[in-house]
Amino acid sequence: MIVRESIDELLNAPEGEHYQIDVHRSIYAESGHDFSGDICPGIKIDDLFCEAIETFRSLWSSYSGNKRIASLSLEQLLRDCGAINDDGITYAALILFGNKNTLRKHLPHAEIVFEYRSKESAGPAAHREDFQIGFFCSFNKIWDLINLRNDNQHYQKGFAVLPVPTFNERVIRESILNAACHRDYQLGGSIFVRQYNNRIVIESPGGFPHGITAENILYRQSPRNKLIADIFQLCGLVERAGQGMNMIYETSISEAKPFPDFTGSDAYFVKLTLVGKIIDVRMLQLIKKLDDEILSAMTTDDYLLLASVFKEKNIADISPLRFEHLLELGIVRQTELGIELINGDLTLAINGTPVNEKNGIIKLS
């Protein structure tokens with residue numbers, strides 16, 4: 001088998017070698033090889049963008065509380081975070097801190113393309129920007145573009161009418177971070193962030209990492225680019241490796257929005273659709289009544305269980321044992337009729353038949 005030494009050689013390999021390159025990629029994936037930790041030949045610290053590095057420095061210093069970070073030289077800062085080592089400058093450094101010319105030369109597809117589409121039909125985007133520069137220079141700008149068209153929805157809480165943004169900032173940021181961490185940089189193609197009126201679609205090259213599927217993504221973690229993930233964790237952009245998707249699900253459920261949707265993903269692309277429209281005001285009202293201490297104690301499974309109840313999906317098949325933690329938190333209580341949501345204003349229906357109008361009882365078989 002032909003083994004190429006760099007991404008440049010992979011991209012420019014003769015057509016007859018493409019199958020062998022695919023086999024090589026598969027072996028790397030199965031072995032857990034971290035491409036972002038590989039050395040990018042031919043680049044120097046001067047090829048990195050100071051603004052991107054200083055943004056990272058500020059985030060790392062603030063998050064860690066370590067004032068020493070502010071006085072480190074550029075080289076020492078990059079060594080301390082692992083972006084460079086004695087062998088040279090890594091692809092992680094190029095992807096996160098590279099200037100435009102260096103990225104174009106060594107990794108031209110490591111870009112994020114933002115598009116706003118006011119219509120569902122195909123055709124040119126109403127607004128498009130290409131970010132072919134270190135990630136730490138584009139991350140905030142992409143959110144700013146999304147937030148320009150981020151309308152508020154509203155729900156009633158007592159006499160007050162309160163807003164809920166269509167696109168939750170934390171969910172969108174985490175989703176873009178996931179794309180940067182997990183995309184396959186040995187494949188051509190860019191990360192696309194496409195904004196529509198009520199949804200955002202993020203597409204990233206490479207398919208799911210080895211061993212990860214849409215079905216097990218909440219319970220298994222396998223970062224494709226571990227060094228990039230580690231650097232994100234150092235500066236607080238991600239709290240814990242592998243927990244980002246859990247947060248995305250929990251926040252979407254807590255705002256009564258649809259689950260993240262991976263429909264359309266395949267072996268070469270992951271397609272994540274985030275719908276921002278509130279689909280059940282009753283659930284939103286219940287979640288908003290819970291105090292922060294209870295919310296912080298809830299697990300991802302708790303959120304998924306509540307979502308199943310409100311969707312009235314296979315309610316009769318849910319074991320009462322699954323409600324034990326919600327019982328402990330005081331979100332539900334056990335009654336002679338079944339499990340009761342502790343929310344006096346909530347009414348749910350089972351099989352189309354209204355139940356206790358005051359307490360909203362979910363009866364389990």
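Considering each of Leu290, Leu306 in turn, give the residue that is under 22 Å from Val161 (Cβ atoms) and not acidic (Asp, Glu).
Just a single option satisfies the conditions, and that option is Leu290.
Considering only region 294-352, how many residues are out of contact with any strand residue (DSSP E or B) (no Cβ under 7 Å at 6 or more places or on another chain), farther than 21 Å from Asp280 by Cα and at pLDDT below 75?
2
Determine, yes or no, whether Ser175 is out of contact with any Gly (no Cβ under 9 Å at 6 or more places or on another chain) and of a type outside the set (Val, Ile, Thr).
It is false that Ser175 is out of contact with any Gly (no Cβ under 9 Å at 6 or more places or on another chain) and of a type outside the set (Val, Ile, Thr).
Before we move on, is Gly82 surrounded by fewer than 22 Cβ atoms within 10 Å (Cβ to Cβ) and modelled with pLDDT under 95? Don't jump to the end; show me each part of the working.
Values: surrounded by fewer than 22 Cβ atoms within 10 Å (Cβ to Cβ): yes; modelled with pLDDT under 95: no.
Against the criterion (surrounded by fewer than 22 Cβ atoms within 10 Å (Cβ to Cβ) and modelled with pLDDT under 95), Gly82 does not qualify.
Within region 260-287, how many residues are at negative phi, touching a strand residue (DSSP E or B) at 6+ places or on another chain (Cβ under 9 Å) and not in a helix (DSSP H, G or I)?
Taking region 260-287 as the starting set, the residues that turn out to be at negative phi are 260-263, 265-287.
Checking which are touching a strand residue (DSSP E or B) at 6+ places or on another chain (Cβ under 9 Å) leaves us with 260-263, 265, 268-278, 281, 284-286.
In the following step, the residues that additionally are not in a helix (DSSP H, G or I) were identified as 260-263, 265, 268-278.
Counting residues in region 260-287 that are at negative phi, touching a strand residue (DSSP E or B) at 6+ places or on another chain (Cβ under 9 Å) and not in a helix (DSSP H, G or I) gives 16.
Could you list all residues from region 193-239 that are surrounded by 20 or more Cβ atoms within 10 Å (Cβ to Cβ), closer than 24 Å to Pro165 by Cβ and modelled with pLDDT under 95?
Residues satisfying the conditions are Leu237, Val238.
How many residues does region 263-287 contain that are more than 19 Å from Thr166 (Cα to Cα) and free of Cβ contacts under 8 Å to residues at least 60 places away in the same chain? Don't jump to the end; show me each part of the working.
Pass one, region 263-287, residues more than 19 Å from Thr166 (Cα to Cα): 263-271.
Within this subset, residues satisfying the condition of being free of Cβ contacts under 8 Å to residues at least 60 places away in the same chain are 263-266.
The total comes to 4.
The values are calculated or read from the model by the stated rules, or taken from the named source; none is laboratory data. These figures come from a predicted structure and were not determined experimentally. For neighbour counting, all protein chains shown are included, and Cβ atoms are generated from backbone atoms with ideal geometry for every residue, glycine included.
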